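Structure record follows, encoded as structure tokens.
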Amino acid sequence: VQLVESGGGLVQAGGSLRLSCTASGSILSLNTMGWFRQAPGKQREFVARITRGGALSYADSVKGRFTISRDNANAKNTVYLQMNNLKPEDTAVYYCNSVSWTGAVYWGQGTQVTVSS
């Protein structure tokens, strides 16, 4: 399985960005897809997750501002992260993550999100 992210960039505080992550390879093996982030000098942290069945999970820090969604209909399984009302503390490298039904974990290469104050 390969995960490729896109959509990062520089935005002012209060702005919005939409991240995308497209999976290729053995996509039928994938259960959850989601996002983690890592700010400079900090550990990688969970942001949001969606299961193949549509169950959602969010970190408390992004609830009400970020929305995760997933498109299972196309040949390339894609997960999106709509980020609204961005804050400087959201600045980080955002990584797409997926876990298969057998517990295998996959990561994308990361995309930088920078929020200026």
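The values are calculated or read from the model by the stated rules, or taken from the named source; none is laboratory data. These figures come from a predicted structure and were not determined experimentally. All Cβ positions, glycine included, derive from the backbone under ideal geometry; neighbour counts span all protein chains shown. All accessible areas refer to the heavy atoms of the entire protein, side chains included, with ligands and DNA or RNA removed. Shrake-Rupley method; radii C 1.70, N 1.55, O 1.52, S 1.80 Å.
For the stretch 86-111, give me each residue that is in a strand (DSSP E or B) and over 23 Å from LYS63 (Cβ atoms).
As a first pass, look at the stretch 86-111 and keep what is in a strand (DSSP E or B): 92-100, 105-107, 111.
Of everything in the stretch 86-111, those that are in a strand (DSSP E or B) and over 23 Å from LYS63 (Cβ atoms) turn out to be SER100, VAL105, TYR106, TRP107.
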Find all pairs meeting these conditions: Cβ atoms under 8 angstrom apart; at least six residues apart or on different chains; first residue within the stretch 1-25 and more than 12 Å from THR78 (Cβ to Cβ) and open to solvent by less than 50 Å² (accessible area, probe 1.4 Å); second residue of a type in the set (Gly, Ala, Ser) and assigned to a strand (DSSP E or B).
-> VAL1/ALA23; VAL1/SER24; VAL1/SER98; VAL1/SER100; VAL11/SER116; LEU17/GLY9
Selection over the stretch 26-50 where residues are open to solvent by less than 60 Å² (accessible area, probe 1.4 Å) and charged (D, E, K, R) yields a count of 1
Any pair with Cβ under 9 angstrom, 6 or more apart, that starts in the stretch 39-62 at a residue that is assigned to a loop (DSSP other than H, G, I, E, B) and ends at one that is open to solvent by less than 70 Å² (accessible area, probe 1.4 Å) and of a type in the set (Ser, Thr, Tyr) | ALA39/THR91; PRO40/THR91; ARG44/TYR95; THR51/THR32; THR51/SER57; ARG52/THR32; ALA55/THR32
Residues satisfying the stated conditions in the stretch 15-59, i.e. over 16 Å from GLY103 (Cα atoms), among the β-branched types (Val, Ile, Thr) and modelled with pLDDT of 95 or more = VAL47
